[in-house]
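Have a look at the structure below before the remarks.
Derivation of every value follows stated rules applied to the coordinates shown; laboratory data play no part. Please read all numbers here as calculations on a predicted model, not as lab measurements. Here Cβ is always computed from backbone atoms with ideal geometry, including for glycine, and neighbour counts include all displayed protein chains.
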């Protein structure tokens, strides 16, 4: 369920609260291969299923950590909607940790908590902690603290 607010300032009461959980997304080999082409990272652990079958734990390729990180924008779109927002800008990350590999065929989803909110001219600065869960795995794929500027 999406948390919907009118303006960034309406998020102030949510500081320290969970914003929600997004839908599952399956990570498949074509997605991993496309990311490898774009980033020029063709390490066999990502792009060679035949070799991974014999040389990787569980015999599967794994997604690039930065692929998982880059999916946060899409994964979080279903968690929070600011109706009167004109634009949102990724201002950066305070912290990113890759805690577990995402194997091909895995499903992931994001959980988000609003750690801080600061009013800025024409909007707000949100500090959001995102945890990307891997279905049926004890450790998350990643935890990242992102700064987002939301303008009205």
For region 93-102, does any single residue satisfy the condition of being exposed (fewer than 14 other Cβ atoms within 10 Å of the Cβ) and over 29 Å from residue 37 (Cβ atoms)? yes
Can you name the condition, by its number, that residue 106 falls short on among (1) crowded, with 17+ Cβ neighbours inside 10 Å; (2) touching a helix residue (DSSP H, G or I) at 6+ places or on another chain (Cβ under 9 Å); (3) over 15 Å from residue 20 (Cβ atoms)? (2)
Just checking, which of 5, 96 is in contact with a helix residue (DSSP H, G or I) (Cβ under 8 Å, 6 or more places away or on another chain) and closer than 18 Å to residue 133 by Cβ? 96
Looking at (1) assigned to a helix (DSSP H, G or I); (2) in contact with a helix residue (DSSP H, G or I) (Cβ under 9 Å, 6 or more places away or on another chain); (3) closer than 17 Å to residue 132 by Cα, find the lone condition where residue 36 falls short. (3)
Output the number of residues of region 57-84 satisfying the condition of being over 21 Å from the mean Cα position of the chain (by Cα) and surrounded by 18 or more Cβ atoms within 10 Å (Cβ to Cβ). 0
Which ones in region 14-46 are in contact with a strand residue (DSSP E or B) (Cβ under 9 Å, 6 or more places away or on another chain), surrounded by fewer than 16 Cβ atoms within 10 Å (Cβ to Cβ) and over 15 Å from residue 68 (Cβ atoms)? 15, 16, 17, 18, 23
Among the residues of region 125-152, how many are crowded, with 21+ Cβ neighbours inside 10 Å and over 16 Å from residue 79 (Cβ atoms)? 2
